[in-house]
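Contents: one structure, followed by commentary.
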Amino acid sequence: MLESNLEKKIDGIETEKQNEFEKYKQEVAESVGLVQKRIEEEQKNRRYIDLENYPVANLKKEIGEIVEGILGVQGKDLTLSVPPTHVISDFTLEVFNLAKKSGEKPNELAKKIVDNINERKTDLIKEASVAGAFVNIEVNKEKLYQETLSRILELGERYGESDINAGKTAIIDYSSPNIAKPIGIGHLRSTIIGQALANIYHETGYSVVRDNHLGDWGTQFGSLIYAYKEWGDEKKIKENPMRELKELYVKFSQLAKEHPEIKDNARELFSRLEKKDPELIALWKRFRDLSLEDFKHVYEELGIKFDTNIGESYFTEKADKLVDECLLNGFCKKDEDSEAVIVEKIGEIPSFLLRKQDGSSLYLARDLATIQFRAKIFNPETVLYVVGNEQDLNFKQLLELGKRAGYIPENMKAKHISFGMVLRDGKKMSTREGTLIELNDLISQSVDKSKEILRLKNPNIGVEELKKVSKIVGIGAIIYDDLRQSRTKNISFDWNRMLDLEGGSAVYLQYTYVRINSILKKIAENYGELNSAKLKKNDISFENKSEFDLAKKLMMFPEIVAKAQKTDSPHQICGYLEELSQLFNSFYNAVSIMKTADQKLRNSRVALIEGVALVVKKGLALLNVEVPEKM
Ligand code: ARG
């Protein structure tokens, strides 16, 4: 009697605890459902902006039709570029690659194209001439200028958007830190690059799923649970959960160097966790919740929101089934001695483990289950893994096996967006060695440094204003400095570069934006507010070459966004914005809007710099960098 009661009681507790994992799965299912609904709605109701309606596309189309007439090549594939300012022509067309396709000599083909253009004279093109393997093109400047400005004013903040990838879904797997340690700079790059790509992909028409694939499973949780049971101090955990959990893990690693046998204990604990032992699951869930709470803070600072935080833990059982299936279908085999499951060498790719000897699941197998799930649930056109180059081989193995075994459908692209490490004193940072810089510290240092610079620039700045602006500048500096560098290289931190007011930094661009705002304000005070969106095309004009150069640059923006998406390189946008900013400065040195007596010309100039401000703000927003309204 007594016994069965007790059993019942324990049973009650157990089911309650077991529910922890079920509850978590329920949460995942709900978040997934919400995203599916959002995407469905988006693809039905989103009003896309047609890339073909941008002036840059019209110009390319006109040239394209001529080239097509000669070669039969699609006009869309042309590369039209803006030559350096000292070159007289408005645009240049590169003929080299076209000639390669047609087998003609580049300069002969260039001549043919030029002759055809000059015979036909189109709406936007005035004249062409040969320059080696290039075609120089002079356009109807007035018309192009009017078209560009009026398009920007009409679209406002949506200028740059396009429909190139309308109706497609992209899943971006980024940030993805490991729980129970503070999120470090190591995961910062993934977070920054992934968020920029999410924005850029969306801008070209994709529906985007932002997935934080948390590292919340694996043998290390056996170690952590062991350490917690041995040395865990609840008081310390309450005070600073992440620091304490990290310390426990470091302590375990250190002890394991002398006493490797404790690793067996950890493995045993992880096995029990995999079997969903209720006591261990409850502990694990607590570590997970504490970690998410801590990450949330950093994500808020960086202005980042995920659609799903699914995590590896969700895929352990599915992974197990997939490994069995792969065994059955001969994509892997059991090692006769150890019982571990291995995939044999595929071409250049060395053989790898898919299941451990003790039967516990592995990172790669969980990823295999993840991609199968993603394909089934979201039917994406593309999946991006924004993960450091340490995992290059892992992703080669994953993607190769995934394709072979049919978990990655043929019409689905899966790409590893690899990037270099963040080094400290030339060395990689590590939790175990205690050399990891905490992200919270990095952010507060950057904000403090920004404060100093802003105060120097403007000693009269108010306390509240300073607080607000230094946060925007400090965080922008970190994000921008990462994105402007080549993604695949290692990077280091250099405060001077990050906060350089003269160029190559976010704050330089933020200054351009703020400066334009204050110019606009002064002009409005003098001449009254201008509703530039109401300007008529025919009333838009320019006088100075620097104005036209600036408009030409503005015209290229939608193309740059498209290119950044196509090549997965946000730094395209950084380079563009810096050049735009320089062109603005040249323009502003050459022209005084305030002293422009002619009203129509003055209004056109106002519209022009409004366009610059808009594109700077928009370009930075795509990188997830904010602009202050004044500073
Ligand atoms: N948590 C992993 C790590 O920090 C990164 C996960 C990346 N995403 C993935 N699907 N494997 O190393």
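Within region 296-308, residues that are among the polar types (S, T, N, Q) reach partners that are surrounded by fewer than 17 Cβ atoms within 10 Å (Cβ to Cβ) with beta carbons closer than 6 Å, at six or more positions or on different chains, in the pairs THR308/SER31.
For region 187-196, state whether one or more residues are away from the ligand (no atom under 16 Å from the Cβ), in a helix (DSSP H, G or I) and crowded, with 24+ Cβ neighbours inside 10 Å. Yes, because at least one residue in region 187-196 is away from the ligand (no atom under 16 Å from the Cβ), in a helix (DSSP H, G or I) and crowded, with 24+ Cβ neighbours inside 10 Å. Screening the candidates GLU127, GLU154 for the property of being away from the ligand (no atom under 16 Å from the Cβ), farther than 20 Å from THR567 by Cβ and without any contact (Cβ under 8 Å) to a residue 12 or more places away in the chain yields one hit, GLU127. Going by the structure shown, is PHE395 away from the ligand (no atom under 11 Å from the Cβ), among the aromatic types (Phe, Trp, Tyr) and within 21 Å of the chain's Cα centre (by Cα)? Here the answer is no, as PHE395 does not meet what is asked. Restricting attention to region 157-186, the residues being more than 16 Å from the ligand (Cβ to nearest atom) and part of a helix (DSSP H, G or I) number 2. The C-beta contact set for region 349-370 (first residue within 18 Å of PHE270 (Cα to Cα) and in contact (Cβ under 8 Å) with a residue 12 or more places away in the chain, second residue within 16 Å of the ligand (Cβ to nearest atom) and among the polar types (S, T, N, Q), distance under 8 angstrom, 6+ apart or interchain) comprises ARG355/SER361; SER360/THR219; SER361/THR316; TYR363/ASN394; LEU364/ASN394; LEU364/GLN397; ARG366/THR316.
Conditions tested, residue by residue: (1) among the acidic types (Asp, Glu); (2) touching an Asp or Glu at 6+ places or on another chain (Cβ under 8 Å); (3) farther than 30 Å from PHE21 by Cα; (4) modelled with pLDDT under 90.
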position	(1), (2), (3), (4)
LYS111	no, no, yes, no
ILE137	no, yes, yes, no
TYR174	no, yes, no, no
ILE183	no, yes, no, yes
ILE193	no, yes, yes, no
ASN199	no, no, yes, no
ARG210	no, yes, no, no
HIS213	no, yes, no, no
GLY218	no, yes, no, no
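Per-residue answers, yes or no, for (1) at pLDDT below 95; (2) surrounded by fewer than 16 Cβ atoms within 10 Å (Cβ to Cβ); (3) among the hydroxyl-bearing types (Ser, Thr, Tyr):
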site: VAL343; (1), (2), (3): no, no, no
site: GLU348; (1), (2), (3): yes, yes, no
site: PHE373; (1), (2), (3): no, no, no
site: TYR385; (1), (2), (3): no, no, yes
site: PHE395; (1), (2), (3): no, no, no
site: LEU398; (1), (2), (3): no, no, no
site: LEU401; (1), (2), (3): no, no, no
site: GLU410; (1), (2), (3): no, yes, no
site: MET421; (1), (2), (3): yes, no, no
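Among the residues of region 296-306, those identified as modelled with pLDDT of 95 or more and either within 15 Å of the ligand (Cβ to nearest atom) or among the β-branched types (Val, Ile, Thr) (or both) are ILE304, PHE306. Residues in region 341-390 that are within 12 Å of the ligand (Cβ to nearest atom) and among the basic types (Lys, Arg) were compared, and the one that is nearest to ALA319 (Cα to Cα) is ARG366.
In region 233-246, of all residues being closer than 21 Å to PHE295 by Cβ and without any contact (Cβ under 8 Å) to a residue 60 or more places away in the chain, the one that is surrounded by the most Cβ atoms within 10 Å (Cβ to Cβ) corresponds to GLU244. Against the list (1) under 23 Å from ILE164 (Cα atoms); (2) touching a helix residue (DSSP H, G or I) at 6+ places or on another chain (Cβ under 8 Å), the condition LEU71 fails is (1).
The values are calculated or read from the model by the stated rules, or taken from the named source; none is laboratory data. From a predicted model like this one, the values you see are computed outputs, not experimental measurements. Cβ atoms come from the backbone with ideal geometry, glycine included; neighbour counts cover every protein chain shown.
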